[in-house]
Amino acid sequence: MSIKLIALDVDGTLLDDNHRISANNRDTIRRAAEQGVSIVLCTGRGSMSAKPVMDELGLEGVMITHNGASIMDTKGNVLHEFTFSVREVEDLIHYCRERGIHYDLNTSGNMIIDQLPADAAKMYEAYLAEPEMVHDVLKVNEPLVKFCMFGSQAMMDQVERDWPDDQHELKFIRSGDYFVDVMRPDVSKGIALKKLAEIWQVDRSEILAMGNYFNDIDMLRFAGIGIAVANSPDEVKQAADEVTVSNNEEAVHVALCKHLPLIGV
């Protein structure tokens, strides 16, 4: 079957290590969109930092954000979301405060913090995020889609050791070396991609997905063609149908030119 939907992870896949989209990646994605292929960003980012990526690509459409906890379009409309309350992460907030771990609370359209150390400010700037500062996040009443912890790789390794899978009602997922995301247990990029495919009536065989990290595994397995970039951990590569070049070698351009030959140059 022909490819009708392309699901792209952002950081470590579409973007290079300097958080840039190459001209070849951008132009190849645009040519695919011009031929009627739906381009969907599938990212751990929230909508406020995913939309600028869509803007740079020159596209409007749908984004799967927060590792699948929210499906939104670029106009800010929520198509689907999986929510929980701040009370369900109160223990984690106290845990982070006691250990100096930075954290943020995320709704489908907003990011909320009550502290901003220098390393976190630099991280938000790199990810094009502008979080809202409040006095105390424990007083937030809005439904949340993600609780995120940020710190050194060693610190996040310790978080994973301190919170094994059976120690909390919510699910912990390592979305990068420096991030641990907490969401409802029925949330993943793969589940959200399946939900979107059902809404759009697209068969999984008509989906091409690309990713680079553990939070991309079920998305790669669901898609008819799942492609891991060369900078992925071995477990991610093993879950994919194939492995392409790294994110620093224009992986998206290379893969799309291979599987959608009419857009090749």
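The values are calculated or read from the model by the stated rules, or taken from the named source; none is laboratory data. Quick caveat, the model's predicted, so the values are computed rather than measured. So basically every Cβ, Gly included, is an ideal-geometry build from the backbone, and we count neighbours across all protein chains shown. Heads up: the accessible areas ignore ligands, DNA and RNA and are worked out on the full protein's heavy atoms, side chains in. Shrake-Rupley method; radii C 1.70, N 1.55, O 1.52, S 1.80 Å.
Annotations
- Highest mean packing comes first when the peptides 71-78, 249-256, 210-217, 49-56 are listed by Cβ atoms within 10 Å, giving 210-217, 249-256, 49-56, 71-78.
- Taking the 1.4 Å solvent-accessible surface of the stretch 79-143 as the whole, the part contributed by carbon and sulfur is 51%.
- Across Lys189/Lys237; Lys4/Lys194; Lys4/Lys171; Lys171/Lys195; Lys146/Lys189; Lys4/Lys51, pairs whose alpha-carbon gap is larger than 23 Å: Lys4/Lys171
- Considering the stretch 1-143, its Cα convex hull presents a mean projected area of 9.7 nm².
- Mean accessible surface per residue for the stretch 117-265, computed with a 1.4 Å probe while every protein chain stays in place, in Å²: 49
- Among Leu193, Leu220, Leu15, the largest mean-square fluctuation in a Gaussian network model of the chain (Cα springs under 10 Å) belongs to Leu15.
- Along its three principal directions, the equivalent ellipsoid of the stretch 103-233 from the Cα gyration tensor extends over semi-axes of 28, 18, 16 Å, largest first.
- Look at the Cα gyration tensor of the stretch 54-122: its axes a ≥ b ≥ c give a/c of at least 1.5 with a/b at or below b/c, and that counts as oblate.
- With only the Cα atoms considered, the chain has a convex hull volume of 117 Å³ per residue.
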